[in-house]
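Quick notes on the structure that follows.
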Amino acid sequence: MNRKLAHMLLYVAEKVEGDPRAGKTKLHKILFFSDFEAFRRTGESISGEHYVKYDQGPFLKPLDSTVNKMANAGLAEWAPPNEWQETRLVPRAKADLSILTDLDRQILSSNVKRFWGMSAGGVSNLSHRLFGWQTTPNGHEIPYNSAYVGDPRPLESTETTWALDLIGRYREWKRQRQEYCP
């Protein structure tokens with residue numbers, strides 16, 4: 001079991017108590033946004049784990065197996081779905097704060113606060129705006145270095161002109177080499 005991930009889960013589960021919309025989907029997204037923010041700021045994620053793209057957004061593969069191990073150790077368990085059909089993680093122990101740095105805790109707390117009260121769908125929709133999610137095929141890992149790319153925005157006319165010129169020059173270069181270019 002990844003101890004840092006386990007204590008991230010305990011920390012976030014403690015912080016979202018009282019948020020009736022906090023469930024498994026939102027937990028995936030809080031961890032995703034936190035890991036990618038940490039990577040953007042420090043070059044390393046908090047958990048050391050990877051996220052996979054699915055239609056509903058980024059998904060942390062080892063989450064269920066980690067929670068199962070935590071349940072066996074008496075640290076946390078899934079509660080039955082609530083009125084919004086959210087399955088909450090119930091902490092049975094306190095997070096070991098010595099495993100998480102001050103910055104880790106600040107990033108995690110910030111994302112809990114950012115998504116407080118939002119539905120799972122609302123948080124998922126925010127993850128769909130990110131470059132890494134948009135450019136990764138379903139079922140593949142979202143590259144951490146995509147955290148360095150900001151939110152998509154419309155290009156200004158000068159940027160569009162520059163991009164089209166660059167694309168044209170690239171296509172011409174590929175034609176000269178007799179290589180396929182779409």
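The values are calculated or read from the model by the stated rules, or taken from the named source; none is laboratory data. Just so we're clear, the structure is a prediction, and the values are computed from it rather than from any experiment. Ideal geometry is used to build each Cβ from the backbone, glycine not excepted, and the neighbour counts take in all protein chains shown.
When segment 52-84 is examined, which residues are found to be in contact with an Asp or Glu (Cβ under 7 Å, 6 or more places away or on another chain) and either more than 18 Å from residue 11 (Cα to Cα) or exposed (fewer than 14 other Cβ atoms within 10 Å of the Cβ) (or both)? 52, the sole residue that qualifies.
Of all residues in segment 1-14 being of a type outside the set (Val, Ile, Thr) and closer than 16 Å to residue 79 by Cβ, which is surrounded by the fewest Cβ atoms within 10 Å (Cβ to Cβ)? For segment 1-14, the residue satisfying everything is 14. From the set of residues in segment 133-176 that are modelled with pLDDT under 85 and not acidic (Asp, Glu), which is nearest to the chain's Cα centre (by Cα)? Only one residue tops the list, namely 150. Summed over segment 48-63, the residues that are without any contact (Cβ under 8 Å) to a residue 60 or more places away in the chain and over 11 Å from residue 28 (Cα atoms) give a count of 2. Of all residue pairs spaced 6 or more apart or on separate chains, those with beta-carbon atoms under 6 Å, a first member in segment 122-139 that is over 21 Å from residue 26 (Cβ atoms) and a second member that is buried (at least 17 other Cβ atoms within 10 Å of the Cβ) are 131/146.
Checking the stated criteria, residue 15 turns out not to satisfy the condition of being modelled with pLDDT under 95, basic (Lys, Arg) and within 29 Å of residue 132 (Cα to Cα). Of the residues making up segment 32-51, those that are acidic (Asp, Glu) and either within 13 Å of residue 132 (Cβ to Cβ) or buried (at least 22 other Cβ atoms within 10 Å of the Cβ) (or both) number 2. Counting only helices (runs of 4 or more DSSP H) that sit wholly inside segment 9-121, those with at least 1 residues that are under 29 Å from residue 149 (Cα atoms), in the same structural domain as residue 144 (by TED's automatic domain parsing) and in contact with a strand residue (DSSP E or B) (Cβ under 8 Å, 6 or more places away or on another chain) are 24-42.
Say we look at segment 146-180 and pick out the residues that are in a helix (DSSP H, G or I) and touching a residue at least 12 places away in the same chain (Cβ under 8 Å); which of these is surrounded by the fewest Cβ atoms within 10 Å (Cβ to Cβ)? Lay out the reasoning, then the answer.
In the first step, residues of segment 146-180 are kept if they are in a helix (DSSP H, G or I); the result is 146-148, 157-176.
Applying the additional criterion that residues be touching a residue at least 12 places away in the same chain (Cβ under 8 Å) yields 146-148.
Details: 146: 17, 147: 21, 148: 11.
So, considering only residues that are in a helix (DSSP H, G or I) and touching a residue at least 12 places away in the same chain (Cβ under 8 Å), the one surrounded by the fewest Cβ atoms within 10 Å (Cβ to Cβ) is 148.
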